[in-house]
Amino acid sequence: MAYVFRGGIMFKDGKSEGGEDDLRRFSPEALTLHAEGEPFVHIGDSVFRGQPIAAGVHSPVSGTVADIAVAPGGVNITLSSDGENTLFPGLLKMHKKLAECSPDEIIEKIRDAGIVGMGGETGSVADRLADVTGRADVCIISCAEREPYVTCDLAALLARPAAVVNGLKIFLRALGVHRGVIAVPEGSAEAINKLSELTKNSSMITLLKTSRKYPAGDLRRLVYSYTGRELEPGADTAALGCVIFNVQTCIAVYDAFVTGLPSVSRVVTVGGDCFTKIYNFEVPVGTRIDELIRAAGDMCAEPALILNGGPLRGVICKTDGVVEKTTRAILLFSRNTVGDGNTDISPVCIRCGRCVRYCPERLMPNRIYECIRDGKDEAAVSAGALRCVGCGICSYICPGKAPVTELIAELRRRHADGKGDDSETENEKKPEVTGSDND
Ligand code: SF4
Ligand code: SF4
């Protein structure tokens, strides 16, 4: 039985189980990657899949370099794919058995592969491993879905459960620990069955069923559901002996170890009420978002809002942007869901108390909102604003359209910077998305 936390939302709709048949592969004809340093390639050069083309940047396809253009912070390298995905001959897989590898060798392999967190955490995985070594005694691989519609992690797990289990063993070896956990939403029967079969003889790996309520995948709830102990707000999960990685990060580590392939692709969900179903695509990093949307096929409604990420935490998306290593979902919503976009309506708190009821941190978001709105930052901090995990529920369910999450996020930034900041954020510009909120 999964740990059921107070607050949070159980979504009635928008979810699908995904599944191996549902995971499609999409290979664009051209893609663009950003590099901060000098590229190693020139226009017209041939490239292979996995080939380094700049410091920390690898080609996701085989083909040719079509263009190199100066861009803010570096250059944009456009590649033309030959559709073959021929692997770079210089890829170096780990030639030793796992038990013969030192933690340092594994961490360097992960660093060379350019693997970053592909879920909520987005920094260098090698740095994170080095940082928590000696402090963490359990490694948790999380497939706990975080937002409605977003099923990319479950689709990746269902397609490659053995890579997840073996990737976790690589993490355990790198950390020098013997306890591994795979967190899966309860009710995901197919995933649980596959993982149970693969781990039935393992004394090191256990499954942790998590609630289907949002935000069960949040670090504080995930750590509590395993340890039974409350993580202090803002504290590192290693304070309670845990380090958590996303399931797609785990698959990328497995691939780097076994084939030498760097992190060059990921699973992205394409969905929203403009489609009749949810799609999960394995796509090369650098794929244009508008091409990915077209690959999903015909829409049943005109999009009024396109989000990069889920409906609660996502940001408004530019369709001429590209898929990054951290892109989880591209969601398209119609006016039926987001309304007419009328921004003349003044946000107001009607004191309905819904945000208090659903806040998973047991805060009073309405009180914090009023403090910040009235310029009383210290009072907002005293009311617990810094404990907010930014789940977005209070804004999502507010009938008065009060931008509670957004104001709290601004306060947290001001607090972290130690200075004022009244710049507009992406979230501020996002129209409200309505939906079911029954628990
Ligand atoms: S949900 Fe909105 S209207 Fe209701 S109490 Fe919270 S801030 Fe006020
Ligand atoms: S965004 Fe913060 S205040 Fe709002 S419901 Fe989530 S944790 Fe509570």
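The values are calculated or read from the model by the stated rules, or taken from the named source; none is laboratory data. Worth saying up front: this structure is predicted, and the values here are computed from it rather than measured. Counting neighbours? That spans all protein chains shown, and the Cβs are built from the backbone with ideal geometry, glycine included.
Miscellaneous remarks
- Remark: pairs (first residue in the range 378-407, outside the structural domain of residue 219 (by TED's automatic domain parsing); second residue hydroxyl-bearing (Ser, Thr, Tyr) and near ligand 2 (Cβ under 6 Å from one of its atoms); Cβ separation under 7 Å; 6+ apart in sequence or on different chains) = 390/405; 392/405; 394/405; 395/405.
- Residue list for the range 32-73, filter: within 17 Å of residue 321 (Cβ to Cβ), buried (at least 16 other Cβ atoms within 10 Å of the Cβ) and not hydrophobic (A, V, I, L, M, F, W, C): 32, 34, 60
Per-residue answers, yes or no, for (1) in a strand (DSSP E or B); (2) farther than 22 Å from residue 393 by Cβ; (3) within 16 Å of ligand 2 (Cβ to nearest atom):
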| site | (1), (2), (3) |
| --- | --- |
| 166 | no, yes, no |
| 174 | no, yes, no |
| 183 | yes, no, no |
| 191 | no, yes, no |
| 195 | no, yes, no |
| 217 | no, no, yes |
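- Note on the range 121-133: residues that are touching a residue at least 12 places away in the same chain (Cβ under 8 Å) and not in a helix (DSSP H, G or I) total 4.
- Verdict on residue 315 being more than 16 Å from ligand 1 (Cβ to nearest atom), over 28 Å from residue 5 (Cβ atoms) and not hydroxyl-bearing (Ser, Thr, Tyr): no
- Pairs, first on the phi > 0 side of the Ramachandran plot in the range 148-165, second small (Gly, Ala, Ser) and crowded, with 24+ Cβ neighbours inside 10 Å, C-beta under 6 Å, six or more apart: 149/271
- Residue in the range 255-295 that is nearest to residue 61 (Cα to Cα), counting only those that are of a type in the set (Phe, Trp, Tyr) and more than 18 Å from the chain's Cα centre (by Cα): 257
- Restricting 151, 199 to those that are surrounded by fewer than 21 Cβ atoms within 10 Å (Cβ to Cβ) and of a type in the set (Val, Ile, Thr) reduces the list to 199.
- Residues of the range 254-297 satisfying the condition of being under 23 Å from residue 31 (Cβ atoms) and in a helix (DSSP H, G or I): 255, 256, 289, 290, 291, 292, 293, 294, 295
- Only a single item in (1) of a type in the set (A, V, I, L, M); (2) crowded, with 19+ Cβ neighbours inside 10 Å; (3) over 23 Å from residue 236 (Cα atoms) is not met by residue 92, and it is number (2).
- Of all the numbered requirements in (1) modelled with pLDDT under 95; (2) over 21 Å from residue 281 (Cα atoms), residue 23 misses one, and that requirement is (2).
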